[in-house]
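Novice: Let me give you the structure first, and then I'll get to my questions.
The values are calculated or read from the model by the stated rules, or taken from the named source; none is laboratory data. Remember, predicted model here, so these are calculated numbers, not experimental data. Cβ coordinates were reconstructed from backbone atoms using ideal geometry, including for glycine residues, and neighbour counts include every protein chain displayed. The protein model used for the area step is the full one, side chains on, heavy atoms only, and it has no ligands, DNA or RNA in it. Shrake-Rupley method; radii C 1.70, N 1.55, O 1.52, S 1.80 Å.
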Amino acid sequence: MPFPYLVSFSVLVFFMAGFVLPLVRLWVQSGTFAMAFGRSRDPIQKVVGAAIASYMTALCVWAICYAVTGDAGMGVWATPQPVRLLGWFLLAKGLTLVVLAQAQMGLSWRMGVAPEPTTLVVTGLFRWSRHPIYSGMLTTLSAYLFLSPCPWIVMGWFQFALLIVIQSAYEEQSMLAIHGESYREYMSRVGRFFPRWKGGQEQVAVTINT
C-alpha cells in the first residue's frame, strides 16, 4: 500500500477510535449521548466543540486529499525512514492511550462538560495524568509531524493543542465546582497531561458519588 494511503487510513482509525466508537459504545451501554458540547448552555463550550469538530473534519479532508495527490500535492516535506518509524511509534502509543483511557472512564466518559455530574475516575491512566485522553490525542497528532510534515499539519497541531488546553482548563473548573477539595487534592498530585515525578504516581484515595 502506498505510504500516503497508510497515513490517510491511520487518520480514519484515529477518528473512529477517538470519537465515533466511544459515542456508540456509551449509547449502547447506557442510552446516553456523550456529545456534551451540543447540550451545554455555555457559549464557550459550544465554540470549543464546534472548533474541535471543524478541526477533525479538516483533518479527514486533508487525509483524503493526501491519499489522492500524495506528497507533492499536499506539500509534504521529505523525511528519512527513521523519522517515519518514530512517527508510527508515536501513533501507536497515542491511539493506545486514547482507547485505554476512554475504556477506563467507562460510563463517565463525555465529549465536553456534561450538564449532569459523573463519577470522578482517578485509577488506571488517571493516576498519572488528569487528561490521558487528551494526552493520547496530542501524541497521535504529533505523530503526523514525523510521518507527513507539511504546513497544514503543523498549523493544525497548534490549533488543536490550543483547543485542548482551553477545554481541559474549562473541564477542571467544572470538576472543582462539583467535587470541591477532593478534586483540588487530585490536581495537586497528578499532572494535567504528563506525570508529575513527585507524587504523580500516588493513587488519590477519594470516593465520589454521581
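Novice: Of Trp77, Trp109, Trp157, which has the most accessible area and how do the rest follow, probe 1.4 Å? Don't skip to the end; give the middle numbers.
Specialist: Numbers: Trp77 130, Trp109 10, Trp157 65 Å².
From most accessible down to least: Trp77, Trp157, Trp109.
Novice: Another question about this same structure. Which one of Val68, Met111, Leu95 is farthest out on the positive end of the charge dipole of segment 1-137, using unit charges on Cβ (Lys, Arg +1; Asp, Glu -1) and the Cα centre as origin?
Specialist: About the Cα centre, the residue reaching furthest to the positive side is Met111.
Novice: ³J(HN,Hα) across segment 153-161 via Karplus (A = 6.51, B = -1.76, C = 1.60, θ = phi - 60°), whole Hz, x for Gly/Pro?
Specialist: Running phi through 6.51 cos²θ - 1.76 cosθ + 1.60 with θ = phi - 60° gives 5, 5, 4, x, 4, 5, 5, 5, 4 Hz.
Novice: Quick one: grab the alpha carbon gyration tensor of segment 60-129, order the square roots of its eigenvalues as a ≥ b ≥ c, and give me rounded if a/c is under 1.5, else prolate or oblate depending on whether a/b is larger than b/c.
Specialist: Working: a/c = 4.47, a/b = 2.02, b/c = 2.21.
Note, shape of segment 60-129 comes out oblate.
Novice: Now for a different question. Please turn the phi angles of segment 3-17 into ³J(HN,Hα) values with the Karplus equation 6.51 cos²θ - 1.76 cosθ + 1.60 (θ = phi - 60°), one per residue in order, whole Hz, x for glycine and proline.
Specialist: Per residue, the Karplus-derived 3J(HN,Hα) values read 4, x, 5, 4, 5, 5, 5, 5, 5, 4, 4, 4, 5, 5, 6 Hz.
Novice: How large a share of the accessible area of the chain, in percent, is made up of carbon and sulfur atoms when the probe is 1.4 Å and the other protein chains stay in place? Intermediate values should be presented prior to the final figure.
Specialist: Values: 7420 of 10720 Å².
Result for the chain: 69 percent of the exposed heavy-atom area is carbon or sulfur.
Novice: I need the P(r) histogram for the chain: all alpha carbon pairs, bin width 5 Å from 0 out to the longest distance, whole percents.
Specialist: All Cα pairs, binned at 5 Å, distribute as 1, 7, 14, 19, 19, 15, 11, 8, 4, 2, 0 percent.
Novice: Moving on to the next point. Can you give the angle from 0 to 90° between the axis of helix 132-147 and the longest principal axis of the chain, with both taken from C-alpha atoms, to the nearest 10?
Specialist: Here the helix axis deviates by roughly 10 degrees.
Novice: Still on this structure: Whole number in Å², please: accessible area per residue of segment 92-206, 1.4 Å probe, ligands, DNA and RNA not counted.
Specialist: That works out to 46 Å² per residue.
Novice: Whole angstrom only: what separates the Cα centroid of segment 103-181 from the Cα centroid of segment 3-18?
Specialist: About 20 Å separates the Cα centre of segment 103-181 from the one of segment 3-18.
Novice: Sticking with this one: So for Thr139, Thr123, what's the accessible-area order with a 1.4 Å probe, most first? Before the final figure, lay out each step's value.
Specialist: Working: Thr139 25, Thr123 65 Å².
Descending accessible area places them as Thr123, Thr139.
Novice: Per residue of segment 97-110, what does 6.51 cos²θ - 1.76 cosθ + 1.60 with θ = phi - 60° give for ³J(HN,Hα)? Whole Hz please, x for Gly and Pro, Karplus curve as stated.
Specialist: 4, 4, 5, 5, 5, 5, 5, 5, 6, x, 6, 7, 5, 9
Novice: To the nearest 10 square angstrom, how much accessible area does Ile178 have with a 1.4 angstrom probe?
Specialist: Here the accessible area works out near 80 Å².
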